[in-house]
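The values are calculated or read from the model by the stated rules, or taken from the named source; none is laboratory data. Quick caveat, the model's predicted, so the values are computed rather than measured. Ideal geometry is used to build each Cβ from the backbone, glycine not excepted, and the neighbour counts take in all protein chains shown.
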Amino acid sequence: MKWLGVLALLGACGENGPPVQAGDVSLVLDIPNSVLDPRGYTSVEVILHGPPPLGDVVRSAKITDGTFDLGTIDPSMVSVEATLRNDSGAAVGYGRTAAAAAFAGGSEVVVPVRRPIAYISGTVSRDIGTGQTPVLHWTQAPATFSDLSVSASSDGKTQIGSQAVLMIAAGANLYMITQATSDPTGLLMGPAKLLPVSTADHQVGLALAGQMTGAVLDGAGSDDGSALAIGTTTQLFAVDTIAGTARPLADGSFARVAIVTTATGEIDVVAIKNRGPTTGACSTAAELWWAPLTSDAGPAHLVATGGFADLATDGGRAYYVDACKGELGEVTATAILTPRLIPGTGTGPGLAKPTALAVSNGQAYVGLETQPATTGLLVASVTATAMDEPRVLWSETAQQVVNAVGYDGVQRQLSASSAVIAHLEVGAGGDYVALTTSAHFHGAPVLAANFPDITIDTEELRVFDASTGGVVQRYRSWCDGVVRSTFGDIGPWDCASTAGQTAAAAPTYEHHINSMTFLFGKK
């Protein structure tokens, strides 16, 4: 274990009294002594979260000989976020305390810090047919990761394990789920197994004893790493990572889950049951559920029914977006609070649907889908009473260019018939926001040009600079389809890359994206 010792001087005073609990507090950044240690950092930025009306305090300091001085802080602070930055200001390490910290003279506050790494995982489908109708064989692929502390572009070669259908981050801890796949549909089946992954060197450990049933859909972890929530097509599960056990919380298909740690330290899960498709008619049959993750804290229960599409948690609070109402609001164990309309959204012609959500330090990142095939990302405050002027971080209509193999310069541009956001998460304390998209393209035959009928499906991971919207990574993990040629048609065809886009280095690195997560990420 490697410790980067840091000294913060604590000597604040209240408004009407002398200094209280004055003294030195050691703020220790816990960094694994291994190959995945953050590197190249020259300064640290610390956010100290305090109770109202004190609020948050941001401090930065240069690191000299492994130490830095944060000056004087108020003893009523309750939690800490720390970001290691290099000379250019980029985040090369990030972490936060899992629970309330004890800021008192002589105390030591430990913050685990890890590299900002985004993980994607999923399955592979290969056509093993010999005719016009594809016959698909499905297998699992190793998880792929994108290390945002280095400048390398993603190509699928950075892999973990031999197979994974889901990656789940829980604070500084990382887990992967494996599950069998079926042909020709790709349905996940059989028991789902959970394996720990070292965030020091990405070595995969032995599977936990607990297993889940139903096809795995989504998962989330607590900041202290002690608990996971996993949604499948048949049940919502709570996993005790210390004991290695899995316990069902509720029956049904749970496609979105998030974990919230309340001000009292209670760890709860909020989940969406019966989440409908985001394309086509808007479904209002989705159910918002709340469940304590401790067995003696009460049963899982229904909170509300509506067009709920996604969930996020931040600062001990939980939030949702409703795709049908175009609404962002807060959810508690008993009710929906402060719903606000998102401008330009709803179910009318030309309006966007909010279908994805992530929240970090009071900023909501809302993923939008506009028919037929435009996806976008808005940024807005979750603390404002009205969403007057959200900022558009990114918007794009999906297109795909295909090349005629053997005919240099012969290309065809396809416009998507549908595009959806599958996953959205914030990383490195708000420096990065990442999303995954999938799009479907169809090009009718063009007889005059000898172009055949072409159908293509693509999947991508995009990572943005959360402040500017600049693209940090754009990795296409999957691009495949069917070419229906007739006599005289040009063939075969392959997928082209656009400027700034990288793709799997070879077919052996391609995969569909079932999950995406950051270390210390926020959904």
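Tabulated data
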quantity	calculated
Subset tally (residues that are part of a loop (DSSP other than H, G, I, E, B) and surrounded by fewer than 17 Cβ atoms within 10 Å (Cβ to Cβ)) for region 293-314	6
Of residues in region 239-274 being touching a Ser or Thr at 6+ places or on another chain (Cβ under 8 Å), farther than 18 Å from G316 by Cβ and of a type outside the set (S, T, N, Q), the one surrounded by the fewest Cβ atoms within 10 Å (Cβ to Cβ)	I242
Subset of region 416-459 (residues that are loosely packed, with under 15 Cβ neighbours inside 10 Å and part of a strand (DSSP E or B))	V446
Residue within region 325-334 that is within 22 Å of D218 (Cα to Cα), buried (at least 23 other Cβ atoms within 10 Å of the Cβ) and either among the hydroxyl-bearing types (S, T, Y) or over 23 Å from the mean Cα position of the chain (by Cα) (or both) present	no
Criterion violated by Q179 - all others in (1) in a strand (DSSP E or B); (2) farther than 29 Å from D268 by Cβ; (3) of a type in the set (S, T, N, Q) satisfied	(2)
Only one of S125, S149, S154 that is touching a Phe, Trp or Tyr at 6+ places or on another chain (Cβ under 7 Å) and in a loop (DSSP other than H, G, I, E, B)	S154
Top-ranked residue of region 198-218 - restricted to ones that are touching a residue at least 40 places away in the same chain (Cβ under 8 Å), of a type in the set (A, V, I, L, M) and part of a strand (DSSP E or B), ranked as farthest from R275 (Cα to Cα)	V204
Breaking point among (1) hydroxyl-bearing (S, T, Y); (2) surrounded by fewer than 24 Cβ atoms within 10 Å (Cβ to Cβ); (3) at pLDDT 95 or above, for T144	(2)
Filtered residues of region 341-351 (kept if crowded, with 18+ Cβ neighbours inside 10 Å and touching a residue at least 40 places away in the same chain (Cβ under 8 Å))	I342
Filtered residue count, region 219-237, keeping only those that are part of a strand (DSSP E or B) and either more than 25 Å from P277 (Cβ to Cβ) or without any contact (Cβ under 8 Å) to a residue 12 or more places away in the chain (or both)	3
Some residue of region 238-261 being without any contact (Cβ under 8 Å) to a residue 40 or more places away in the chain, under 26 Å from L136 (Cα atoms) and of a type outside the set (G, A, S)	no
Residues located in region 462-504, provided they are of a type in the set (G, A, S) and either closer than 22 Å to A398 by Cα or buried (at least 19 other Cβ atoms within 10 Å of the Cβ) (or both)	A466, G469, G470, S477, G481, A496, S497, A499, G500, A503, A504
Residue in region 281-303 that is among the hydrophobic types (A, V, I, L, M, F, W, C) and under 19 Å from the mean Cα position of the chain (by Cα) present	no
Members of region 480-502 found to be part of a strand (DSSP E or B) and either farther than 24 Å from P452 by Cα or among the acidic types (D, E) (or both), listed by number	D480, D494, T502
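Quick grid of which residues meet (1) under 27 Å from the mean Cα position of the chain (by Cα); (2) in contact (Cβ under 8 Å) with a residue 24 or more places away in the chain:
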site: Y407; (1), (2): no, yes
site: Y432; (1), (2): yes, yes
site: L435; (1), (2): yes, yes
site: S497; (1), (2): yes, no
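Rundown of residues vs (1) closer than 29 Å to I168 by Cα; (2) at pLDDT below 90; (3) basic (K, R), yes/no style:
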position	(1), (2), (3)
A384	no, yes, no
V392	yes, no, no
E396	yes, no, no
Q411	no, no, no
E425	yes, no, no
H442	no, no, no
